[in-house]
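I have a structure I would like to understand better, so I am pasting it below and will then ask my questions one at a time.
Any read-out appearing in this document is the output of simple, stated calculations on the displayed coordinates, not a laboratory observation. All figures in this text were calculated on a predicted structure; none of them were measured in a lab. Cβ sites come from the backbone with ideal geometry, for glycine too, and all protein chains shown count toward neighbours.
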Amino acid sequence: MSGFSQSLKVKTFNIDSGKVICVLNEIDAKELGLFPGDRVEIKSKRTGKNCVAIVDITSSMVAENNIGFFNETTKLLGVKTHQLVDVSATPMIKSVDFIKKKMRGEKLSKEELDEIVKDISDNRLSDIEASAFMSAVYMKGFDIDETADMTKALIENGQKISFDVSPVVDKHSVGGVNGRATMIIVPIIASQGLYMPKTSSRSITSAAGTADAMEVLAPVNISFEKIKKITKEVGGVISWGGSVDLAPADDKIIKIEHPLALDPEGQVIASVLAKKASVGSKFVVIDLPVGVEAKIKDRKIAVRMARKFVEIGKEIGMEVEAVITSGDEPSGLAFGPALEAKYVLEILEGKRFDNLAKKSCELAGAIFELAGLAGTTKGYKKAVAILKSGEALKKMKEIIKAQGGKIDSSAKIIYSPLNQVFKAEEDGIIQDLKVHGFTKVARLAGAPANKKAGVLLHKEEGDKIKKGEPIYTIFAENKVKLASAISYAKGNPPFVLKTVVLKKIK
């Protein structure tokens, strides 16, 4: 603690604020010389725990000589109502000067990036300051050295899982398309004696994240120790990365980026590789979907990112292969947690073999080649053989069971009876299926929060269709959301139908 401090009585509020803040009465704030948005250091007299919090000021919510905490701050300090804490104003921190330096377009050193990441991780930077940093990175960019240093800083400021088995492998998709390739790749890989402790994300802007879809089959909130145990015994895990603090600063940065859809290239690379290094991965395949409907729109950008992934991977002792894939059409025909989970199981059960299955086998094959389990260009055939033999399905059932799940068959996932089928109004050919359009419809229907909500396509691009045949079905769990999705779909058709008959002349 530094400077003048006061002892204040805690008042807790059972509210999730999403950040570490405290609420001071205006009288106490004046005595401490504080304004809204300033920082204070807080130390619990009972637990000895301390943290830095951002100040909010009130005249009525909290009485004089008291301090209000929301759930995040209460949890960090381990305190209860009426307990005492010491509170003092904090001086301006060095990181703010480094952020201004980046805003001017200057290069940051490893030490400066370490300081910024540590302060983000320790909640010493306000949301405004952290947002300024990410905006500066978005506008001015990271060079290759800064990207490598940012990666290392994220790794050093997070927890790591150490496995006593090898080789540990992983994959990551930069995203922007549907389809849960991870849920096909992990069992293919794990069935061959490799270890793949996959920590996945929940959806931010898509109809489902891998964690959302896997949660339909089994619990995904898994502890460090359980991840290690299952990986060692079964070979693979598909868990939610948010349940373990692998790179806490990165998780906070992602929350800051989300409102403005900021995806600075250097930060994306640092974020992905830091998470992979944190679980001890030695061989990693990066999927970079490119297309109008994907996050990466330009092939030149994808090639540049691919080279950076490979180069920075080497710097942190990881062998990386970046694969540029097509993001112009849906990856599989399902959008939404339960629909995508069911679709994955149908592929594993041999009921489908489409572009999602092929892509999964391409990426699994690349991992086999990297890890030395298949010769160059032989990995894809090996992955396809494993998938078609039923080995991957058997391994997926083991993973589901090990994670405490009971849904291990596509037949056990029942479609919601609340749905609406959209049919073709004339004969034609499906020319374009818009990933963003179907994602929007699925989210309006309730996905990913409502697990059974989403969209199921009945046709692929290039398919012929006759008038009255179904193109897609919207599923929902309540009538209001279904109506909202239907209304949007009618006003913004997420597909383009090329008519067979262009003109009639009598």
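Each residue of the range 326-337 in turn: what ³J(HN,Hα) in whole Hz from Karplus with 6.51, -1.76, 1.60 and θ = phi - 60°, glycine and Pro shown as x?
7, x, 8, 9, x, 9, x, 10, 10, 9, x, x
Which of the listed residues, 98, 139, 109, is farthest toward the dipole's positive end in the range 94-141, when Lys, Arg count +1 and Asp, Glu count -1 at the beta-carbon?
139
Also: For a test of the definition: using alpha carbon positions, the gyration tensor, and the 1.5 limit on a/c, classify the range 152-196 as rounded, prolate or oblate.
Oblate, because a/c is 1.5 or more while a/b does not exceed b/c.
Quick check: the distance between the Cα centres of the range 116-131 and the range 398-473, to the nearest angstrom?
What the calculation gives is 40 Å, centre to centre.
Using the Karplus curve 6.51 cos²θ - 1.76 cosθ + 1.60 with θ = phi - 60°, what ³J(HN,Hα) values do you get for each residue of the range 14-26, in whole Hz, with x for Gly and Pro?
Values per residue, Gly and Pro as x: 7, 9, 8, 9, x, 7, 8, 10, 9, 10, 10, 5, 4 Hz.
While we're on this one: State the three equivalent ellipsoid semi-axes of the range 94-141, derived from the C-alpha gyration tensor as the square roots of 5 times its eigenvalues, in descending order and whole Å.
In descending order the semi-axes read 16, 12, 8 Å.
Could I ask something else about it? Along the charge dipole of the chain, pointing to its positive end and built from +1/-1 on Cβ of Lys, Arg, Asp and Glu, which listed residue (302, 471, 449) has its Cα farthest out?
471
Now for a different question. To the nearest 20 Debye, how big is the dipole of the chain about its Cα centre, given +1 on the beta carbon of each Lys and Arg and -1 on that of each Asp and Glu?
In debye, rounded to 20, the chain gives about 1680.
Might you report the magnitude of the Cβ-based charge dipole of the range 377-499 about its Cα centre, with Lys and Arg at +1 and Asp and Glu at -1, to the nearest 20 debye?
Working: 24 positive and 12 negative charges, 111 e Å.
So the dipole magnitude of the range 377-499 works out to roughly 540 debye.
Just check the range 334-484 against the gyration tensor rule for me: Cα atoms, a ≥ b ≥ c as the square roots of the eigenvalues, rounded for a/c under 1.5, and otherwise prolate or oblate depending on whether a/b exceeds b/c.
Oblate, since a/c reaches 1.5 and b/c is not below a/b.
Same structure again: Neighbour counts of other C-beta atoms within 10 Å: give me 495, 35, 69 arranged from fewest to most.
Fewest-to-most Cβ neighbours within 10 Å comes out as 35, 495, 69.
Further, regarding this structure: Can you tell me the 0 to 90 degree angle between the C-alpha axis of helix 224-234 and the longest principal axis of the chain, rounded to 10?
Taking the Cα atoms of the chain, the angle to 224-234 is about 30 degrees.
Turning to a different aspect of this structure: Starting from the Cα gyration tensor of the range 39-175, take the square roots of the eigenvalues, sort them a ≥ b ≥ c, and report rounded, prolate or oblate (rounded when a/c is under 1.5, otherwise prolate if a/b is larger than b/c, else oblate).
Oblate.
Treating the angle as unsigned and between 0 and 90°, give the value, to the nearest 10°, between the Cα long axis of helix 127-140 and the longest Cα principal axis of the chain.
Once rounded, one gets 50 degrees.
Which of 97, 463, 149 comes first, and how do the rest follow, when ranked by fewest Cβ neighbours within 10 Å?
The most exposed by this proxy come first: 97, 463, 149.
Any idea how far the Cα center of the range 282-332 sits from the one of the range 183-206, in Å?
17 Å
Using only Cα atoms, tell me the angle between helix 479-491 and the longest principal axis of the chain; keep it within 0 to 90° and round to the nearest 10.
Helix 479-491 and the main axis of the chain meet at about 70 degrees.
Here is a follow-up. How much mean residue ellipticity at 222 nm does the chain get from its helices, if each DSSP H run of length 4 or more adds -39500 (n - 2.57) and you divide by all residues, to the nearest 500 deg cm²/dmol? List each step's numbers first, then the result.
Details: 18 runs with 206 residues, N = 506.
Computed ellipticity for the chain at 222 nm equals -12500 deg cm²/dmol.
Select one label from [x] 1.00; [y] 0.97; [z] 1.02: the one whose number is Rg/Rh (Cα atoms, Kirkwood Rh) as derived from the coordinates shown.
Looking at Rg/Rh (Cα atoms, Kirkwood Rh) for this model, the match is [z].
Using Cβ contacts closer than 10 Å as the measure, can you line up 376, 151, 73, 325 from fewest to most?
376, 325, 73, 151
A further question on this structure: Out of residues 5 or more away from residue 209 or on other chains, whose amide H comes under 5 Å of its own, with H placed 1.01 Å from N in the peptide plane?
Distant-sequence amide H within range of residue 209: 203.
Just how large is the dipole of the range 1-41 about the Cα centre, in debye to the nearest 20, putting +1 at every Lys and Arg Cβ and -1 at every Asp and Glu Cβ?
Details: 5 positive and 6 negative charges, 18 e Å.
Computed charge dipole of the range 1-41: roughly 80 debye.
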